[in-house]
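Working notes for the structure below.
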Amino acid sequence: MQGALVTDKLKDGQESEAKKAPQPTEPLVKVIAFIATLGGLLFGYDTGVIAGALLFMKHDLHLTSVTTGMVTSFLILGSAIGAICAGRVADRFGRKKIILVMALIFMLGSLGCALAPNVVLMIIFRFILGLAVGGAAAIVPIYIAEIVPSNRRWQFVTLQELMIVSGQLIAYTSNAAINEVWGGETTWRWMLGVACVPAVILWVGMLFLPDTPRWYAMHGRYREARDVLERTRKAGKVEKELSEIRSSMSSKSEKHSRRQKTISVWMKRLVALGIGVAMLQQLSGVNTIMFYAPTMLQATGLSTNASLMATIANGVISVIMTFVGIMLLSRFGRRPLLLTGQIGCTLTLLAIGLVTWLMPETVNGHPDAVRSYLVLGGMLIFLCFQQGALSPVTWLLLSEMFPMRIRGMANGVSVFAMQMTNFSIAFMFPIMLESIGLTWSFFTFAAIGVAGGIFAVIFAPETQGKTLEQIEKHFKKHLQDDPAPEKAGV
């Protein structure tokens, strides 16, 4: 199988990487990573907060199953468009400028949602907020991957995933806290408005950060590229890395000076692979749990307060398992974790479906609490596999697998595909829940997971232990026209 056949050269790179002493990380790199990943925190908060807000919004704005799906999913539709647009313009105008624009849109969208007087304006502002969510999802991982040392890339790029799940945990916790303190039908407005605070911090922080050395080099600004490398690397590492970047840039300028708008066949194949990897993460059904956990738990018989409190456990497990996933990446690489996460998620969805199918909904005329808590337990096990393996690997692969010349565009297209998949699932799930019930909804996602597992076994790549330039050479070699099947490597 192609995905399993990693080249000897790539394996050697992983072994030699493991033998190296950890490269010290300059303090500025840590500051850059923290501030930039506030975009991930906002991503997580704005996608997670709707789970609790819907319980109150449906009465205040008179939501139906269709408008519930629209309020939830139009943020995702906006994020798909934001991802593809941001990915394209980031290659031209820079990663930093796009993140600054996204921070402003986060502020506007959050205020608009919190003040929306009716469902139509709520849907419009959720869409606007989604533009920022998608832009941040596409550009922040690239920004970090291009600016941190190669052997720390896995650590800092996966910080984006940690911030996403932390944002969701903050959303779940603040939902429950706001409900306890204020309560009432307008509680959801406070829930949605809180997101303005990290958006302001992101915008102010990014004003003082540089763009990436690789983006500067792509535009011939080598002096600025050197300056960023000198501020983010140890002295002995600067010249070697700058030389690799120069070599990569000069090779591109020679081959594409007369065909700047064309994309090679191997690049198209790599973008197709990226789209598949991105869609795989969403087809697991993760966001049905992140968006609709309180709704599903209510459907099993839990009260509103109990559902909100139980959802906090989803956020806690997500944060803990993302830490675990970051540690596992340094030991086992990308491909093994991707396969483990996909298989684990699929089996767990099947188990939850069996619980809801085989156990009675009521006992002595009352909702069966055991059934409700078994469903919650299944959700937590699902999130262990999703956040501990599948999600961190997905964001890391998308940030590092594309060549410099199309990195922003290719990552934007991949995240667009991811979010369109997410949009379809988020929009259809309330309708599925109403028409076929909880049991068959879980069975449907389990069946999709089987197909996703087959894709992962055949095509999942391994990129551990290489610089971005070395990864580019690897994929170029093995995805050229008519590559030998036994050496495809992806």
* Asked: Considering the range 337-352 alone, what residues qualify as being over 20 Å from L162 (Cβ atoms) and either under 18 Å from the mean Cα position of the chain (by Cα) or open to solvent by 60 Å² or more (accessible area, probe 1.4 Å) (or both)?
  -> L339, Q342, I343, L347, L350
* Asked: Taking the stated definitions as given, is L61 over 20 Å from L396 (Cα atoms), surrounded by fewer than 24 Cβ atoms within 10 Å (Cβ to Cβ) and in contact with a Cys (Cβ under 9 Å, 6 or more places away or on another chain)?
  -> no
* the range 467-483 - residue that is open to solvent by 50 Å² or more (accessible area, probe 1.4 Å) and part of a helix (DSSP H, G or I) and, of those, farthest from W215 (Cα to Cα) -> K477
* Asked: Would the range 182-190 turn up any residue that is open to solvent by less than 10 Å² (accessible area, probe 1.4 Å) and at pLDDT below 85?
  -> yes
* Asked: Going by the conditions given, is F34 over 26 Å from Q470 (Cα atoms), under 17 Å from the mean Cα position of the chain (by Cα) and modelled with pLDDT under 85?
  -> no
* Asked: What residue, among those in the range 227-240 that are out of contact with any helix residue (DSSP H, G or I) (no Cβ under 6 Å at 6 or more places or on another chain) and charged (D, E, K, R), is most open to solvent (accessible area, probe 1.4 Å)?
  -> K240
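For (1) in contact with a strand residue (DSSP E or B) (Cβ under 6 Å, 6 or more places away or on another chain); (2) more than 30 Å from L297 (Cα to Cα); (3) open to solvent by 30 Å² or more (accessible area, probe 1.4 Å); (4) assigned to a helix (DSSP H, G or I), each residue gets a yes or a no:
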| position | (1), (2), (3), (4) |
| --- | --- |
| M379 | no, no, no, yes |
| G388 | no, no, no, yes |
| P392 | no, no, no, yes |
| A426 | no, no, no, yes |
| P430 | no, no, no, yes |
| I448 | no, no, yes, yes |
| V457 | no, yes, yes, yes |
| G465 | no, yes, no, no |
* To do: Working carefully through the options T356, T444, find the one that is among the hydroxyl-bearing types (S, T, Y), surrounded by fewer than 19 Cβ atoms within 10 Å (Cβ to Cβ) and either over 22 Å from the mean Cα position of the chain (by Cα) or assigned to a strand (DSSP E or B) (or both).
  => T444
* Checking F125 against (1) over 30 Å from T212 (Cα atoms); (2) open to solvent by less than 70 Å² (accessible area, probe 1.4 Å); (3) in contact (Cβ under 8 Å) with a residue 40 or more places away in the chain, the condition it does not meet -> (3)
* Structure fact -> Scanning the range 138-168 residue by residue, the ones that are farther than 23 Å from T232 by Cβ and either of a type in the set (D, E) or surrounded by 24 or more Cβ atoms within 10 Å (Cβ to Cβ) (or both) total 4
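The values are calculated or read from the model by the stated rules, or taken from the named source; none is laboratory data. Just so it is clear, the structure is predicted and the values come from calculations on it, not from any experiment. Backbone-built Cβ (ideal geometry, glycine too); neighbour counts: all protein chains shown. We work out accessible area using only protein heavy atoms, side chains counted, and drop any ligands, DNA or RNA first. Shrake-Rupley method; radii C 1.70, N 1.55, O 1.52, S 1.80 Å.
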